[in-house]
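The values are calculated or read from the model by the stated rules, or taken from the named source; none is laboratory data. Since the structure is predicted, the reported quantities are computational estimates derived from the model, not experimental observations. Counting neighbours? That spans all protein chains shown, and the Cβs are built from the backbone with ideal geometry, glycine included. What goes into the accessible areas is simple: the full protein's heavy atoms, side chains included, and nothing from ligands, DNA or RNA. Shrake-Rupley method; radii C 1.70, N 1.55, O 1.52, S 1.80 Å.
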Amino acid sequence: MHIAAQHQQSQIQLNQHGNLKHFLTIEGLNQATLTKILDTANSFFDENNNLITTPLLEGRTVMNLFFENSTRTRTTFEAAAKRLSANVLNIDIARSSTSKGETLRDTLWNLEAMAADIFVVRHSSSGAAHFIAQTVCPNVAIINAGDGRHAHPTQAMLDMLTIRREAKKPFSELSVAIIGDIKHSRVARSNIAALQTLGCQDIRVIAPRTLLPVGFVEYGDTVRLFSQMDEGVRGCDVVIALRIQNERIDSPALSSQQEFFKLYGLNEERLALAKPNAIVMHPGPMNRGVEIASGIADGTQSVILKQVTNGIAVRMAVLALSMQGQLQAQGFGDMLSI
């Protein structure tokens, strides 16, 4: 991303004190901001690595606005908000007044008038969360829960928290392989941006040529493209398998599930090429036998279920940090001074 575009992204997402105002994309945020999210998320675990409940957002209202279905992401945001003692409303957009002809702006303005503090937005259109934050409800904290092919920043940060907690090495010393539909994946895009910002120098993206993106030059020398699976995973510390979307199967981009698994599925033989203590990750939901073998998904190197738990902690952190200015004004600032 160009410097001017990064600055614009930073201005949208941070307030005048450099604190998180919206969380729309990884791009434009610096290492200190991402580290603060990770440190804050880590603080929500007790000494037994169980998530805590805190009154940090008591009296606040979080509205989940999912224009695109995702039970897992919505549920973890709901769990995160409740662990912060916030009020949570799940708005059924399909049944809302937008289906009766009301404009999206009017629907959002009405929700804002109901004393909403945070909108968690998931949308099939890239840039939807930015649009809402910039032109519709700038006074409500907007958290992007995934928009089109553009970004999935909380997924990236829960992946970063998982890597930090489980790989137990500085990001600058890690080799990370991301496998699957790189071309259409907002998870891949956000993960690459987060890894680079946190200092990772060896990021490998692995996919059939039909699922590799064009124009990856912008990511620089730290990102390498591989069309051969074995070469890409060799010597890696972290292996992330992405979900292959059903609509890609039996299309010109992907011949069949069996063919993909044969060439790019993560199985025992391929995992053996990575480092012996390499961790295996997947954003879910998994297609077993397509992108990952069941033995690997359930194996000792898998941290997939830990990603789910870490996702709640990261979403707690992002929700709390987006309210940091108001919390500080009320004397709760020390609770977020990580």
Worksheet item: Among the residues of segment 282-304, how many are without any contact (Cβ under 8 Å) to a residue 24 or more places away in the chain, surrounded by 15 or more Cβ atoms within 10 Å (Cβ to Cβ) and assigned to a helix (DSSP H, G or I)?
Response: 1
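Among the listed residues GLU27, GLU58, which satisfies the condition of being at pLDDT 95 or above and acidic (Asp, Glu)?
Values: GLU27 fails: at pLDDT 95 or above.
Answer to the selection: GLU58.
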Worksheet item: Do we find a residue being of a type in the set (Gly, Ala, Ser), surrounded by fewer than 23 Cβ atoms within 10 Å (Cβ to Cβ) and either at pLDDT below 95 or assigned to a loop (DSSP other than H, G, I, E, B) (or both) anywhere in segment 223-239?
Response: yes
Practice prompt. Mind telling me which of the residues ASP159, ASP181 ends up being under 16 Å from PRO283 (Cα atoms) and either aromatic (Phe, Trp, Tyr) or assigned to a loop (DSSP other than H, G, I, E, B) (or both)?
Written response: ASP181
Item to complete: Out of the residues in segment 15-69 that are among the charged types (D, E, K, R) and part of a helix (DSSP H, G or I), state the one that is surrounded by the fewest Cβ atoms within 10 Å (Cβ to Cβ).
Response: ASP39
Worksheet item: Would segment 243-260 turn up any residue that is modelled with pLDDT of 90 or more and either closer than 29 Å to THR35 by Cβ or not in a helix (DSSP H, G or I) (or both)?
Response: no
Worksheet, complete the sentence: Only unsatisfied item for GLN155, checking (1) at pLDDT below 95; (2) buried (at least 22 other Cβ atoms within 10 Å of the Cβ); (3) touching a Ser or Thr at 6+ places or on another chain (Cβ under 7 Å), is (1)
Worksheet item: Restricting segment 118-138 to residues that are β-branched (Val, Ile, Thr) and assigned to a helix (DSSP H, G or I), which is surrounded by the fewest Cβ atoms within 10 Å (Cβ to Cβ)?
Response: THR135
Worksheet item: Taking LEU111, is it part of a strand (DSSP E or B), open to solvent by 10 Å² or more (accessible area, probe 1.4 Å) and over 30 Å from GLU231 (Cβ atoms)?
Response: no
Worksheet item: Assuming ILE142 fulfils every condition listed in (1) of a type in the set (Val, Ile, Thr); (2) out of contact with any Pro (no Cβ under 9 Å at 6 or more places or on another chain); (3) farther than 30 Å from LEU111 by Cβ; (4) in a strand (DSSP E or B) apart from one, which condition is it?
Response: (3)
Worksheet entry | Residue that is nearest to ALA317 (Cα to Cα) [pool: residues in segment 65-80 that are at pLDDT 95 or above and touching a helix residue (DSSP H, G or I) at 6+ places or on another chain (Cβ under 6 Å)] | ALA80
Worksheet item: How many residues, within segment 58-77, are within 16 Å of LEU321 (Cα to Cα) and without any contact (Cβ under 8 Å) to a residue 40 or more places away in the chain?
Response: 2
Discussion item. Looking at segment 32-57, I want the residues that are under 22 Å from LEU20 (Cα atoms) and have a partner that is of a type in the set (Ser, Thr, Tyr) and in a helix (DSSP H, G or I) with Cβ atoms under 9 Å, at least 6 apart or on another chain. Which pairs are those?
Written reply: THR33/SER10; THR33/THR197; LEU34/THR197; PHE45/THR309
